[in-house]
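The values are calculated or read from the model by the stated rules, or taken from the named source; none is laboratory data. Predicted, not measured: the structure shown is a model, and the values here were computed from it. Here the Cβ positions follow ideal geometry from the backbone for every residue, glycine too, while neighbour counts run over all protein chains shown.
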């Protein structure tokens, strides 16, 4: 398994990985995911030979806040610790950053995964979250 930092996958590689994890709906909204990765603060990828099998990207200023976006692991490579490895790389790199934020699906698997990594529900930090989705995109 080859780890790469800030080597941006191609649009085709990203679209294929997003499809493999079932995020087709996301690809309908984000037409140029490659551009999103190019604008990221940090990107980690894992490859098996030349095949993109996992990725995580970070946006933000890296000091007061980072937003962890799109942690994806190809279904054939899940349950092997790859998501934990990528998250730990990001958390180590930005350990001195004040806020580390992410939005995830609300199910037991995701809740347990992120809690295991030290994340808390916003309400536990006496905070509330808001989102404004552009449904016309």
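The table that follows gives values for the structure above.
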{"quantity": "Residue selected from region 1-19 under the condition closer than 12 Å to residue 72 by Cα and touching a strand residue (DSSP E or B) at 6+ places or on another chain (Cβ under 8 Å), by the criterion surrounded by the most Cβ atoms within 10 Å (Cβ to Cβ)", "calculated": "14"}
{"quantity": "Pick from region 102-120, criterion outside any helix (DSSP H, G or I) and closer than 24 Å to residue 41 by Cα, ranking: modelled with the lowest pLDDT", "calculated": "105"}
{"quantity": "Region 117-133, subset touching a residue at least 24 places away in the same chain (Cβ under 8 Å) and out of contact with any helix residue (DSSP H, G or I) (no Cβ under 7 Å at 6 or more places or on another chain), residue nearest to residue 32 (Cα to Cα)", "calculated": "131"}
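This table checks each residue for (1) over 24 Å from residue 4 (Cβ atoms); (2) under 17 Å from the mean Cα position of the chain (by Cα).
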position	(1), (2)
66	no, yes
70	no, yes
107	yes, yes
121	yes, no
132	yes, no
136	yes, no
